[in-house]
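Student: Let me give you the structure first, and then I'll get to my questions.
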Amino acid sequence: MRDILYPLAILGGMGFLFGAILAYASQKFHVEVNPKQQEVRDVLPGANCGGCGFASCDAYAQAAAEGKAGTNRCVVGGRAVAEKVAAIMGTEVVEVTKKTARVICKGTNDNAVKKYKYHGIEDCRAANALAGGDKDCQYGCLGLGTCEKVCPFDAIHVTSEGIAQCDEEKCTGCGACVDACPKDVIKLIDINKRVSVFCNNHDKGKRVRQICGVGCIACGICVRQCPENVIAIDNDLAVINYDGCTNCGACIPKCPQRTISNLDEIISEVAVF
Amino acid sequence: MLGHLLILLVSSIFVDNYLLSRFLGECPFLGVSKQVETAMGMSVAVIFVMTMTGVISYVTQVYILKPLGLEYLQIIAFIVIIATLVQFTEMVIKKSSPTLYQALGIYLPLITTNCAVLGVALLNVQMGYNLIDSIVYSFGSAVGFSFALVSYAGIRERLAFAPIPKALEGFPSALIGAGLLSLAFLGFRGLV
């Protein structure tokens, strides 16, 4: 009997004693938290995706409660959450601009020239460590699906043609793929801006022609076509400033490499994953 | 007597360094060693927890467990002590320095399951130290832990700016650095 009672008493006693000490300490060292912070935290989805630009939902709730961050930052929650956060903070509801991931590369297996056959780990970061991957293009999508693996929402997939493509309906704009991509070829772009330059290559035009059938050669035709003057050549790559883009598509038909496209056309072109 | 304690202190800091010779508690060694400042914070927390654990677990062992013949409860009892101390430290740090609390993040509660802390408690008993010995040994071990952690953090801070081959950037170079540091500590062997 003693063999059972003594251990029970000792460990039970220790548990009680330490519990009491901790209970007292938690009273003594209690930290006041902004009550609004908890309220904001409760209406957030809690996915900790980082789409708002903060490390976690808690961090965003803290910033929002202190008024340091806008009420419309949560892209996963969208308008519904923005309304609730605004109600808690007592401010006007601001529209959430939904951003989605966009792979700005058309270097499919047919279009892009490969410099070697890659038989390694199915991971873009591993391939990238081997002389920048199997494509001649140092900037393009490697198509090994690292983004697919890190996506918490099953929204990005590598197509049968060998480049990644995002499912905009599922994408919440959390940016996990953007961080994981070793080529920085995935960008977060406002979902309403449909026209994009689908190339990430900063090489000179001559080199681009040799290695990719659809790469931007920085000819500058689109710059002249754009009625809004929002396209510029940056380091041998055409870049659209999305703030002024009206989706007019004037740049699309004149592009000699067919690099610029309307995203809706691409989605209808490419086969289902 | 004093000489004996000094030897114990030096040997626990340098010769039997927990991180680099005994290879206990490597998790925070790699986790919180990116900045010297957070490494310092972690060190202070570890020194406090380790020393207190050493003392309290020694007292528990000698005055409670041993007379009742309950030595087999050692590990459970020690873990309870460590968990309480860590919780307590966490509350104090949260109150006194929110920045440090944020920086330490998950590693603070992880001291609970840090094998270095449990290692100190168990080794005190195994080696047959008396109370003074075990206080010195626990404190020395914790200081050795901190010494290794902070110096490694200094190395990693410089590594971040060093021109390293691309394949070795980040974690691989950190591991190589840890190995070299461990080799350097091997030089203390035979000192005591």
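Student: Along the range B:145-153, what does the Karplus equation 6.51 cos²θ - 1.76 cosθ + 1.60 (θ = phi - 60°) give for ³J(HN,Hα), rounded to whole Hz, x for Gly and Pro?
Tutor: After applying 6.51 cos²θ - 1.76 cosθ + 1.60, I find 4, 5, 4, 5, 4, 5, 5, 5, 4 Hz.
Student: Within 10 Å of each Cβ in B:72-81, how many Cβ atoms from other chains are there, averaged over the peptide?
Tutor: Shielding by partners across B:72-81 averages 2.
Student: Something else: Would you mind giving the three semi-axes, in whole Å and largest first, of the ellipsoid equivalent to the range B:117-192 according to its Cα gyration tensor?
Tutor: Listed largest to smallest, the semi-axes of the range B:117-192 are 33, 12, 11 Å.
Student: For A:Ser196, list long-range residues whose amide hydrogen, built 1.01 Å from N in the peptide plane, is under 5 Å from its own amide hydrogen.
Tutor: Counting only residues 5 or more places away or on other chains, the set is A:Ser261, A:Leu263.
Student: Let me ask something else. Need one number: convex hull volume per residue for the range A:89-136, Cα atoms only, in Å³.
Tutor: 141 Å³
Student: Please compute the Kirkwood hydrodynamic radius of chain A from all pairs of different C-alpha atoms, in Å with one decimal.
Tutor: 21.9 Å
Student: A follow-up question, please. For the ranges A:161-168, A:4-11, what's the packing order if you count other beta-carbon atoms within 10 Å of each residue, average per peptide, and put the highest first?
Tutor: A:161-168, A:4-11
Student: Put +1 on the Cβ of each Lys and Arg and -1 on the Cβ of each Asp and Glu in the protein assembly as shown; which of A:Gly50, B:Thr38, B:Ile93 then has its Cα farthest toward the positive end of the dipole?
Tutor: Farthest along the dipole direction, towards plus: B:Thr38.
Student: Here's something else I'd like to know. Collect residues whose amide H, placed 1.01 Å from N in the peptide plane, falls under 5 Å from the amide H of A:Ile217; neighbours closer than 5 in sequence don't count.
Tutor: none
Student: Let me see the pair-distance distribution of the range A:10-144: every alpha carbon pair, 10 Å bin width, integer percents in order.
Tutor: The distribution over the range A:10-144 is 11, 24, 13, 19, 18, 10, 4, 0, given as percents.
Student: When N counts the residues of the range B:1-107, how does its alpha-carbon radius of gyration compare numerically with 2.2 N^0.38 Å, as a ratio?
Tutor: Dividing the Cα Rg of the range B:1-107 by 2.2 N^0.38 Å gives 1.24.
Student: Oh, and also: Given the convex hull of the Cα atoms of the range B:66-140, what is a quarter of its surface area in nm²?
Tutor: Mean shadow area of the hull around the Cα atoms is 5.9 nm².
Student: For the range A:145-194, which trypsin sites (Lys or Arg not before Pro) pass both filters: DSSP loop (anything but H, G, I, E, B) and at most 14 other C-beta atoms within 10 Å?
Tutor: A:Lys170
Student: Calculate for the protein assembly as shown the 222 nm mean residue ellipticity that helices alone would give, adding -39,500 (n - 2.57) per DSSP H run of length 4 or more and normalising by residue count, nearest 500 deg cm²/dmol.
Tutor: About -14500 deg cm²/dmol.
Student: Let me ask something else about it. Given just the C-alpha atoms of the range A:147-273, how large is their convex hull per residue in cubic angstrom?
Tutor: Output value, Cα hull per residue: 114 Å³.
Student: State the three equivalent ellipsoid semi-axes of chain B, derived from the C-alpha gyration tensor as the square roots of 5 times its eigenvalues, in descending order and whole Å.
Tutor: One finds semi-axes of 30, 21, 13 Å for chain B.
Student: Then there is this: Enumerate the calculated ³J(HN,Hα) couplings along the range A:150-162 in order (Karplus 6.51 cos²θ - 1.76 cosθ + 1.60, θ = phi - 60°), each rounded to whole Hz, writing x wherever the residue is Gly or Pro.
Tutor: 8, 5, x, 10, 6, 9, 10, 9, 8, 7, 5, 8, x
Student: Can I ask one more? What residue among A:Asp243, A:Asp154, A:Asp58 has the largest mean-square fluctuation in a Gaussian network model of chain A, using Cα springs under 10 Å?
Tutor: A:Asp243
Student: Checking the table A:Lys115/A:Lys149; A:Lys98/A:Lys170; A:Lys106/A:Lys187; A:Lys36/A:Lys68; A:Lys36/A:Lys84; A:Lys149/A:Lys183 against a 18 Å threshold on Cα-Cα, which pairs fail?
Tutor: A:Lys115/A:Lys149
Student: Using +1 on the beta carbon of Lys and Arg, -1 on that of Asp and Glu, and nothing else charged, what's the dipole of the protein assembly as shown about the Cα centre, debye to 20?
Tutor: Computed about the Cα centre, the dipole is about 780 debye.
Student: Moving to a separate point now. Treating each Cα of the range A:59-208 as an identical point scatterer and ignoring solvent, apply the Debye formula and state log10 I(q)/I(0) at q = 0.12, 0.14, 0.18, 0.19 Å⁻¹.
Tutor: After summing over all Cα pairs, the log10 values are -0.58, -0.73, -1.00, -1.07.
Student: For the range B:1-134, give the magnitude of the charge dipole about the Cα centre (Cβ charges: +1 Lys/Arg, -1 Asp/Glu; no others), in debye to the nearest 20.
Tutor: In debye, rounded to 20, the range B:1-134 gives about 200.
Student: Using θ = phi - 60° and the Karplus curve 6.51 cos²θ - 1.76 cosθ + 1.60, what whole-Hz ³J(HN,Hα) does each residue of the range A:197-208 get, with Gly and Pro shown as x?
Tutor: Once rounded to whole Hz, the list reads 8, 8, 7, 10, 8, 9, 6, 5, x, 4, 4, 4.
Student: While we're on this one: Test of understanding: express the Cα radius of gyration of the protein assembly as shown as a ratio to 2.2 N^0.38 Å, with N the residue count.
Tutor: In units of the globular-protein estimate, the protein assembly as shown measures up at 1.30.
Student: Might you report the magnitude of the Cβ-based charge dipole of chain A about its Cα centre, with Lys and Arg at +1 and Asp and Glu at -1, to the nearest 20 debye?
Tutor: 680 debye
Student: Roughly speaking, what is the centre-to-centre gap between the range B:93-159 and the range A:185-259 when only Cα atoms are used, to the nearest Å?
Tutor: With the range B:93-159 and the range A:185-259 each reduced to a Cα centre, they are spaced 55 Å.
Student: Then there's this: What residues have an amide H closer than 5 Å to that of A:Ile156, excluding those fewer than 5 places away on the same chain, when H is modeled at 1.01 Å from N in the peptide plane?
Tutor: A:Asp167
Readers should treat all values here as calculations from the given coordinates under stated rules, not as data from a laboratory. Keep in mind that this is a model prediction, so the values were computed, not measured. Cβ atoms come from the backbone with ideal geometry, glycine included; neighbour counts cover every protein chain shown.
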